[in-house]
Amino acid sequence: MIVVHHLNNSRSQRVLWLLEELGLPYEIKRYQRDAKTMLAPPELKAIHPLGKSPVITDGDKVIAETGAIVEYILETYGQGRLIPAAGTPERLRHTYWLHYAEGSAMTPLLLKLVFSALPARAPGLMKGLVKSVAARAQQGFVDPQLKAHVDYWEAELAKSEWFAGGEMTGADIMMSFPLEAGAARAGASSRPHIKAFLDKIHARPAYQRALERGGPYAYA
């Protein structure tokens, strides 16, 4: 049986959602972030050398990285569900968005989180300088990059209901976290098609069941 090594407030929530969509049995082993550093506990390094989440075990297999986990679950247990047929334009789009989610999309979102948090963590005498540097970095680089990505998501969702086409796929599960983080950090929910996408996935019974099992998570 698949064991999800689940870190609170983490991207592993998407793995739980996928498993719920497929109706697969799984177990959860829970880990809590350090309240001060927000880092994963050292116990996770016993599962994977990097000590990051998400990571799953399935028998003697250890699979890390959300995209790799989604691909593994769909290929091993999906039975053709949540993935377009091979050789179709939708399959190519599915592959693209599956990798874009953690490749291109999360970089500016992570930078926004880091630069937003820096002033509060700076030593007292340095707070003013750090706040100024962080603001310049966000205004000059991070915010324009975020706007470009949010514009891109909105335009793509205006073309089709889901990221890979007319049906929900694993790509939408992967893209859920960037859009949720974009809503929290970049005002993405003000865009009508992005808001409709988020409202739609949040209303899905499988999404709700994943929250019940994994616990609420904050993506801000």
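The values are calculated or read from the model by the stated rules, or taken from the named source; none is laboratory data. Being a predicted model, the structure only gives us computed values, none of them experimental. Please note: Cβ atoms are built from the backbone with ideal geometry, for glycine as well, and neighbour counts cover all protein chains shown. All accessible areas refer to the heavy atoms of the entire protein, side chains included, with ligands and DNA or RNA removed. Shrake-Rupley method; radii C 1.70, N 1.55, O 1.52, S 1.80 Å.
Some notes on this structure:
- P(r), alpha carbons of the chain - 10 Å bins starting at zero, rounded %: 8, 31, 35, 20, 5, 1
- Rounded to whole Hz, the Karplus (6.51, -1.76, 1.60) HN-Hα couplings of segment 174-187, x for glycine and proline: 5, 6, 4, 5, x, 6, 5, 5, x, 5, 7, 10, 9, x
- Computed on the chain, with alpha-carbon pairs under 8 angstrom and 6+ residues apart, the relative contact order is 24 percent.
- Per atom type, segment 61-177 shows carbon and sulfur on 61% of its accessible surface, probed at 1.4 Å.
- Filtered trypsin sites (Lys or Arg not before Pro), segment 23-61: DSSP coil and at most 13 other beta carbons within 10 Å: K36
- Reach of K200 by Cα under 20 Å, taken over lysines that are not fewer than 8 positions away in the same chain: K159
- Once the Cα gyration tensor of segment 134-220 is diagonalised, semi-axes √(5λ) in Å: 24, 17, 9
- Segment 121-220: relative contact order in percent, alpha carbon pairs under 8 Å with at least 6 residues between: 22 percent
- 5 angstrom amide H check on I2, placed H, neighbours 5+ away: E27
- Solvent-accessible area per residue in segment 67-220 equals 50 Å², computed with a 1.4 angstrom probe and all protein chains kept.
- Annotation note: GluC sites (Glu not before Pro) in segment 51-147 located in DSSP loop regions with a Cβ neighbour count of at most 12 within 10 Å are absent.
- Proximal charge balance of D199 [Cβ under 14 Å; K/R count +1, D/E count -1]: +1
- Karplus-based coupling profile of segment 158-168, in residue order and whole Hz: 6, 7, 8, 5, 10, 5, 9, x, x, 10, 5, with θ = phi - 60° in 6.51 cos²θ - 1.76 cosθ + 1.60 and x standing for Gly or Pro.
- Sorted peptide list for 80-86, 53-59, criterion being average Cβ within 10 angstrom, highest first: 53-59, 80-86
- Here segment 45-64 is scanned for amide nitrogen atoms under 13 Å from the site 7 Å beyond the Cα of E27 along Cα-to-Cβ, giving 57-60.
- The alpha-carbon atoms of segment 16-114, seen along their principal axes, cover 47, 35, 22 angstrom, with the largest extent given first.
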